[in-house]
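Colleague: Please find one structure pasted underneath; my questions will follow.
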Amino acid sequence: FLSREEGYLAVGNRPKNWFKIKIGAKKDGTLTAMDTTCVGEIGAYPAGNSSVGNQQVLWKCANVRTTETNVYINAGRNRPMRGPGFSQSCWCLDQAMDLLAAKIGMDPVELRLKSFTEIDQETGKRYTSTGIAEGLRRGSEAFGWKAARSRPAGNGPILRGVGVACSTYHGGPGSATAILKVLPDGSANLNMGAADLGVGMKTGAALLVKEELGIPTEKIQIEWADTATTQYTRPSGGSKTVYCDGPSIRRAAMDAKRILLEWASAQLKVPVADLDVQDGMIVAPGGKKMPFSELTRLRSEQSVVGLGRFELPDLHGKVIQPFLTHFAEIEVNTGTGEIKVLRFL
């Protein structure tokens, strides 16, 4: 463990940024120009840009200019603190979009629906999907956006308001391999290369195994992130871990399930198609259940080994990227500055 002093010296810092955003639009909400200036810290050593998250690609705009200046400070390198650079630029851009909506008298949701793009404006390639429009439409309906916006904010020190925000992130592609062993006592051992950077990947991996085999998460042991003993995957970053490592984990569990059902079929003299796996047991016709421990072949061989691999398919010149839409209702104490999130979708 690092001491508090070593933590400041060795592990870098979350870079501060100063933004200025100008947006031009027609009265119908069509964006015509976007000009962004960013000044950001990068620490004492070069380590990439201070704000790599150019959120301007999110909205359809023919004329975009981004100027970025990196500033050296007496600190360690700037480090990713979830979505390096994207958090800052998204925060600023969405506020600018709200100001624009107010200026032209347009609902913030309608402005965003008018402005979303299905093309990556940096490369000119189409996205495999965006989900922005669907997220805005379905989200505003489920949230009760129009009704919530029409309610008065209040007239005391405590005011209420609602907001909408969208974002995108450059997800990093990659391949991954996972190995799953199911043991005679009904437990499982998952061997994967992914690391947990605080996003709960170990929990997610265990839940994927549980979904396929019904094995309780407390009976799933995970070996992970050891280059000497675990399977190959790309570095855990760029929000790629779930969608690259997740399929390999699921496929490993499906492979183990296939073998278990084949062994059970031979033992029970029942077609594989008539068998299933639930709650860590083989389920036969009529609801009869048999624990894994009663599988003769499993007791003999001591484990079932499932192998799962994942590689991104040929995208045919398209870009894969995650998109997000959020709605929130908050309460603000204007006297103390205290903020409460009342609803979040």
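The values are calculated or read from the model by the stated rules, or taken from the named source; none is laboratory data. Note that the coordinates shown come from a computational prediction; the quantities given were computed from them, not determined experimentally. Here Cβ is always computed from backbone atoms with ideal geometry, including for glycine, and neighbour counts include all displayed protein chains. Surface accessibility is based on the protein's heavy atoms, side chains included, excluding ligands, DNA and RNA. Shrake-Rupley method; radii C 1.70, N 1.55, O 1.52, S 1.80 Å.
Colleague: Counting only residues 5 or more places away or on other chains, whose amide H sits under 5 Å from the amide H of residue 16 once H atoms are built in the peptide plane?
Modeller: 41
Colleague: From Cα pairs below 8 angstrom and at least 6 apart in sequence, can you work out the relative contact order of the chain, rounded to a whole percent?
Modeller: 18 percent
Colleague: May I pose another question? Please identify the GluC sites (Glu not before Pro) of the range 218-301 that satisfy two criteria: DSSP loop assignment and at most 14 other Cβ atoms within 10 Å. Which are they? Walk me through the intermediate numbers first.
Modeller: Values: sites: 218, 223, 262, 294, 301; in loops: none.
Loop-located and lightly packed - none at all.
Colleague: Hey, which lysines would be in cross-link range of residue 340, C-alpha to C-alpha under 24 Å, not counting anything within fewer than 8 residues on its own chain?
Modeller: Excluding near neighbours in sequence, the set is 146.
Colleague: Lysines within cross-link reach of residue 318: Cα-Cα under 26 Å, excluding same-chain residues under 8 positions apart?
Modeller: 60, 114, 125, 240
Colleague: Let me ask something else. Distance between the C-alpha centers of the range 253-301 and the range 66-134? Whole Å please.
Modeller: Using only Cα atoms to place each centre, the spacing works out to 50 Å.
Colleague: Also, I was wondering about something else. Using a 1.4 angstrom probe on heavy atoms only, work out the carbon and sulfur share of the accessible area of the chain in %.
Modeller: Whole-percent figure for carbon plus sulfur exposure: 54.
Colleague: With an 8 Å cut-off on Cα pairs and a minimum separation of 6 or more residues, tell me the relative contact order of the range 194-265 in percent.
Modeller: Relative CO of the range 194-265 lands at 42 percent.
Colleague: Using 0.36 nm per residue of separation minus the Cα-Cα distance, give me the extension gain between residue 229 and residue 22 in nm, one decimal.
Modeller: 69.4 nm
Colleague: Using a cut-off of under 20 Å, list every residue of the range 218-258 whose amide N is near the label point 7 Å from the Cα of residue 10 along the Cα-to-beta-carbon line.
Modeller: Inside the label zone: 226-227.
Colleague: If you don't mind, another one. Could you identify which residue out of 101, 33, 142 has the top mean-square fluctuation in a GNM of the chain using Cα springs shorter than 10 Å?
Modeller: Among 101, 33, 142, the largest mean-square fluctuation in the Gaussian network model of the chain belongs to 142.
Colleague: Hey, what do the phi angles of the range 211-216 turn into as Karplus ³J(HN,Hα) couplings, whole Hz, using 6.51/-1.76/1.60 and θ = phi - 60°, x for Gly and Pro?
Modeller: Coupling constants for the range 211-216: 4, 7, 10, x, 7, x Hz.
Colleague: Additional query: Please give, to one decimal in nm, the separation of the simple spin-label points placed at residue 305 and residue 284, each 7 Å out from Cα toward the Cβ.
Modeller: Between residue 305 and residue 284, the label points sit 2.9 nm apart.
Colleague: Apply the Karplus curve 6.51 cos²θ - 1.76 cosθ + 1.60, θ = phi - 60°, to the phi angles in the range 92-99 and return the couplings in whole Hz, x for Gly and Pro.
Modeller: Couplings: 6, 4, 5, 5, 5, 5, 5, 5 Hz.
Colleague: Now for a different question. Using Kirkwood radius over Cα pairs in Å as the read-out, say which of [x] 28.3; [y] 23.9; [z] 22.7 was calculated from these coordinates.
Modeller: So the structure-derived entry is [y].
Colleague: Using modelled amide H (1.01 Å from N, peptide plane; none on Pro or chain starts), what sits under 5 Å from the amide H of residue 225, excluding residues fewer than 5 places away?
Modeller: 192, 193, 194
Colleague: Could you tell me the extents of the range 19-164's C-alpha atoms along the three principal axes, largest first, rounded to whole Å?
Modeller: 50, 45, 27 Å, listed from the longest principal axis down.
Colleague: Additional query: Where the Cα atoms of the range 223-313 are projected onto their three principal axes, how long is each span, largest first, in whole Å?
Modeller: For the range 223-313, the Cα spread along each principal axis is 47, 26, 21 Å.
Colleague: Springs between alpha-carbon atoms under 10 Å, Gaussian network over the chain: tell me which of 334, 130, 230 tops the mean-square fluctuations.
Modeller: 334
Colleague: For q = 0.15 Å⁻¹, what log10 I(q)/I(0) does the range 95-230 give under the Debye formula with an equal point scatterer on each alpha carbon and no solvent?
Modeller: After summing over all Cα pairs, the log10 values are -0.90.
Colleague: Now for a different question. Which of the lysines could a cross-linker span from residue 269 if the Cα-Cα distance has to be under 25 Å and same-chain partners fewer than 8 positions apart are dropped?
Modeller: Within reach: 181, 257, 288, 289.
Colleague: Please figure out what share of the DSSP beta bridges in the chain is antiparallel and state it in percent, rounded to the nearest 5.
Modeller: Once the DSSP bridges in the chain are tallied, antiparallel ones form about 75 percent.
Colleague: Given springs between every Cα pair under 10 Å in a Gaussian network model of the chain, which of 159, 275, 307 has the largest fluctuation?
Modeller: 159
Colleague: Another question, if that's okay. In whole Hz, what ³J(HN,Hα) sequence does the range 222-233 give by Karplus (6.51, -1.76, 1.60; θ = phi - 60°), x for Gly and Pro?
Modeller: Residue by residue, the range 222-233 yields 10, 9, 8, 6, 10, 5, 7, 10, 10, 7, 6, 7 Hz.
Colleague: Next question, about the same structure. When the helix-only estimate is applied to the chain (DSSP H runs of n ≥ 4, each -39,500 (n - 2.57), divided by the residue count), what is the mean residue ellipticity at 222 nm, nearest 500 deg cm²/dmol? Show your work: numbers first, answer last.
Modeller: Values: 8 runs with 99 residues, N = 345.
About -9000 deg cm²/dmol.
Colleague: On average, how much accessible surface per residue is there in the range 164-215, in Å², for a 1.4 Å probe, leaving out ligands, DNA and RNA?
Modeller: Solvent-accessible surface per residue comes out at 32 Å².
Colleague: Sequence-distant or interchain residues sharing an amide H contact under 5 Å with residue 129, placed H: which?
Modeller: Long-range HN contacts for residue 129: 321.
Colleague: To continue, here is another question. For the pair residue 328 and residue 258, how long in nm is the line joining their label points, each one 7 Å along Cα→Cβ?
Modeller: 4.5 nm
Colleague: May I ask you to rank 338, 329 by accessible area, largest first, using a 1.4 Å probe over the protein chains only?
Modeller: Listed by decreasing accessible area, they come as 338, 329.
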